[in-house]
Ligand code: SF4
C-alpha cells in the first residue's frame, strides 16, 4: 500500500533525529525513537538540554520511512519523544502518518498540553502514553521553571486515567524537586492509572552546574517509597541498582 503521508516530506518541521532500534524507550518493545525539538519546561535534571530550543527539522525522514518499512517484521512501534512533542503543532500529522502505516506509536509527554493530548486520544493516534509527573502541585514551578502548569498536568492525568489507552506515569526522583515522603502524595493523584514508574535520578555531565553533583536517593529508600505508592496504583522503580 502506498501511504499518502509516508510518501511526503517529513510531516513535522521539528523532527531533529531518530534512533533506529532501542529496547529502552518502550518497555517490552523493540522501537524506533523519533526525537522532536523544543520544550517550554526547564527541568534542572533534563538529560536533553540541547533539545529545549526548537530547531528546523534536520532528521532524515526518507531514511526513517525506509527503515520502518524494511524492519516492519520485527519493529514493535515508534516512540515520539523530545523535547516536548505536544509543543509541535505538526505532531498529529506525524502520528497520523504512523497510524496510516499501521505502526503503533508511544508518546512521551510532560502533560503541559491537555488539549493536544485529548485530541490524540480521541483520534486514537497513540497506543501508549508516558506522562511525566515532575513534583507535587505546589512544587511544580521549581521543578519545571514554569508558572501555572500544575493544573494543565493534572488535567492531562485525568484524561489519561479516563482513557482506554495503555499508559504510565513517571517521576524522575530528583532530590531537589521531590522528597521521598512526597511520592505517595503524588501517587494518590494517579489513582486509576495503569502504572507509576519511579525513575532513579542519574547525575550526568550533561546537567547544569550545581545539578550534576546532586546525589540520588539510595535505592533501598526509593523502593520503600514505591511500596507506599503501590497502595494507590501499581508502582515500579527503574534505574536503581
Ligand atoms: S519536560 Fe523533559 S525535555 Fe522538557 S525540560 Fe523537562 S526533562 Fe527536559
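Table: residues versus (1) closer than 21 Å to residue 8 by Cα; (2) touching a strand residue (DSSP E or B) at 6+ places or on another chain (Cβ under 7 Å); (3) within 13 Å of the ligand (Cβ to nearest atom).
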| site | (1), (2), (3) |
| --- | --- |
| 70 | yes, no, no |
| 83 | no, yes, yes |
| 92 | yes, no, no |
| 139 | no, no, no |
| 172 | no, yes, yes |
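The criterion of at least 2 residues that are in contact with a helix residue (DSSP H, G or I) (Cβ under 9 Å, 6 or more places away or on another chain) and over 29 Å from residue 180 (Cα atoms) is met by the following helices (runs of 4 or more DSSP H) wholly inside region 49-147: 61-70, 91-100, 114-122. Taking the listed residues 16, 35, the one that is within 16 Å of the ligand (Cβ to nearest atom), within 15 Å of the chain's Cα centre (by Cα), touching a residue at least 12 places away in the same chain (Cβ under 8 Å) and in a strand (DSSP E or B) is 35, with no other qualifying. Filtering region 12-42 to residues that are closer than 17 Å to residue 130 by Cα and in contact with a helix residue (DSSP H, G or I) (Cβ under 9 Å, 6 or more places away or on another chain) leaves 32, 34, 35, 36, 39, 41. Could you check, for region 109-127, whether at least one of its residues is surrounded by 24 or more Cβ atoms within 10 Å (Cβ to Cβ) and farther than 27 Å from residue 59 by Cα? Within region 109-127, none of the residues are surrounded by 24 or more Cβ atoms within 10 Å (Cβ to Cβ) and farther than 27 Å from residue 59 by Cα.
Beta carbons closer than 9 Å, at least 6 apart along the sequence or on distinct chains, never pair a first residue in region 219-233 that is under 14 Å from residue 185 (Cβ atoms) with a second that is surrounded by 15 or more Cβ atoms within 10 Å (Cβ to Cβ) and at pLDDT below 95. Restricting 41, 64, 45 to residues that are within 16 Å of the ligand (Cβ to nearest atom), touching a residue at least 24 places away in the same chain (Cβ under 8 Å) and in contact with a strand residue (DSSP E or B) (Cβ under 7 Å, 6 or more places away or on another chain) narrows the list to 45.
The values are calculated or read from the model by the stated rules, or taken from the named source; none is laboratory data. What you see is a predicted model, and the numbers here were worked out from it, not measured in a lab. Counting neighbours? That spans all protein chains shown, and the Cβs are built from the backbone with ideal geometry, glycine included.
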